[in-house]
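Read the figures in this text as sums done on the coordinates, not as results from a lab. Note that the structure is a prediction, hence the values are computed from the model and not measured. Methodologically, a virtual Cβ is constructed for each residue, glycine included, from the backbone with ideal geometry; neighbour enumeration extends over all protein chains shown.
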Amino acid sequence: MNARTTLEIIAPTVEEAIAQGLAQLGLTADAVRVEVLDAGSRGLFGFGKAQVRVRLTVNAPAEEPPLETASAASESEPTPVPVREAESQPEHDPLLDQAESIVSKLLHLMGLQAQVSAHYAENDRSDRRVINVDVRGDDLSVLIGRRSETLNAFQYVASLLLGKAAEQFVQLVVDVEGYRSRRERQLIQMAKRMAEQVVKNKRKQTLEPMPSAERRIIHLALRDHPFVATESTGEEPYRKVVIYPKED
């Protein structure tokens, strides 16, 4: 289990939400505290199935009493055993908790059943930490949409809400069942194939319109290519990447 100590689950019933959360955490019911954040309501604009939203918080580990030595146990008067005070550690990261809560509420309003977990992206710059929010569940394709348009819009709204709640700019990346990682691999493979065609035919290739994040993947994938270069052209939301041969 990772370092996160909370998990929010959306499900048709409280029992199902708890069962899903315990399975994901790999814990038993006595190891967590359960909060029912929403007892169940209809989806956005009254559509969709009624869902509940539950938060599972992992209990802090109990301190074990120090063991007495054999010599101390044999003495008539017990020797006082010094007790070290537990180091105080924050149970939650407030910003991660806010990110989980906001994404979970938006999913709840859409009538979607999902598990939400937030963590900081690795290798962040110290002046701008990126929060990744993983959404997992069944039948979440509606959240991705065509060319990830719905997911990008969802991410944008969640970022605005989180920034307002935290009173600071927060870069938020919302992913659904690892979709963004798979899409990135597909885009890199496509970029390399198209670059080969450009080199072979000595003619530029124009790709389909893409969001800025996906265009950036193409540019980075071909940035160091010895024979082709890239540029973006057109106006949003129809802006495209053009791959063209470098001049000799």
By the Cα gyration tensor axes a ≥ b ≥ c (a/c under 1.5 gives rounded; else a/b larger than b/c gives prolate, otherwise oblate), the shape of the stretch 180-245 is oblate
Which of Gly178, Ile188, Ser212, positive extreme of dipole for the stretch 170-216 (C-beta unit charges)
Ile188
